[in-house]
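The values are calculated or read from the model by the stated rules, or taken from the named source; none is laboratory data. These numbers were taken from a predicted model, which means no experiment stands behind them. For neighbour counting, all protein chains shown are included, and Cβ atoms are generated from backbone atoms with ideal geometry for every residue, glycine included. Ligands, DNA and RNA are stripped out before the accessible areas are found, and what is left, the full protein with its side chains, is counted by its heavy atoms. Shrake-Rupley method; radii C 1.70, N 1.55, O 1.52, S 1.80 Å.
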Amino acid sequence: MKDWITNVITRELKALRREIESYPSDSDLWEVRPGITNPGGNLALHLAGNLQYCVGNVLGKNGYVRNRNAEFADRDVPRAELLREIDNAIAAVEMGMRSVNEADLAKPFPEAVGGVSSTTGAFLAHFATHLAYHLGQVDYHRRILTGESKTVTAMALTELGGKKA
């Protein structure tokens, strides 16, 4: 289960990277339209910060200090910096998950999240679904801005590390 969760989170982060790369310009990452609160750039910062902290720091003790407010307040961060943060999140997940074994999944997560305490496995599943939820928002934000139906193959089953039938 641990490897599956690691692969899903990593796959989704790679898809987020492809989404950010697919925006026509850096400024498009920050455009807000009616009904959209968070542009793609803020969602990328939020997802990268969340995973660097929750998996990289809480589980892996990498020392990452999170500024959640800045994830939503910062604007006009260059695409290159967003991609660097996503790459840092991938590295943090890989490093943090190396410190977890299968038995740890049933143990309490070391820190309450949003005032809630649960098992490490439950929170890792939550982090994966949280990432997928916001990844879909980034995809729709990009499509609304560009008018394109272009996909980045966000749910590529081949990236889960399984065997082809």
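Inclusion of Gly35 among residues that are outside any helix (DSSP H, G or I), among the small types (Gly, Ala, Ser) and out of contact with any Phe, Trp or Tyr (no Cβ under 8 Å at 6 or more places or on another chain) is warranted. Say we look at region 20-67 and pick out the residues that are more than 24 Å from Glu94 (Cβ to Cβ) and among the aliphatic types (A, V, I, L, M); which of these is most open to solvent (accessible area, probe 1.4 Å)? Among them, the one singled out is Val32.
Can you give me the ranges of the helices (runs of 4 or more DSSP H) entirely in region 51-161 with at least 1 residues that are of a type in the set (Phe, Trp, Tyr) and closer than 20 Å to Arg17 by Cα?
68-73, 120-146
When Arg17, Arg11 are checked against the criterion of being under 15 Å from His134 (Cα atoms) and surrounded by fewer than 21 Cβ atoms within 10 Å (Cβ to Cβ), a single residue qualifies: Arg17. Scanning region 124-134 for residues that are open to solvent by 10 Å² or more (accessible area, probe 1.4 Å) and either touching a strand residue (DSSP E or B) at 6+ places or on another chain (Cβ under 6 Å) or aliphatic (A, V, I, L, M) (or both) yields Ala125, Ala128, Ala132. Scanning region 44-81 for residues that are closer than 20 Å to Arg142 by Cβ and among the aromatic types (Phe, Trp, Tyr) returns a single hit, Phe72. Quick check on Thr146: is it under 18 Å from Leu82 (Cβ atoms) and either surrounded by fewer than 14 Cβ atoms within 10 Å (Cβ to Cβ) or under 19 Å from the mean Cα position of the chain (by Cα) (or both)? Judged against the criteria, Thr146 is a match.
Take Val55 and decide whether it is touching a Cys at 6+ places or on another chain (Cβ under 8 Å) and on the phi < 0 side of the Ramachandran plot. No, not satisfied. Tell me the residue from Asp74, Asp104 that is in contact (Cβ under 8 Å) with a residue 12 or more places away in the chain, within 24 Å of Asn42 (Cα to Cα), surrounded by 12 or more Cβ atoms within 10 Å (Cβ to Cβ) and among the acidic types (Asp, Glu), please. The conditions single out Asp74.
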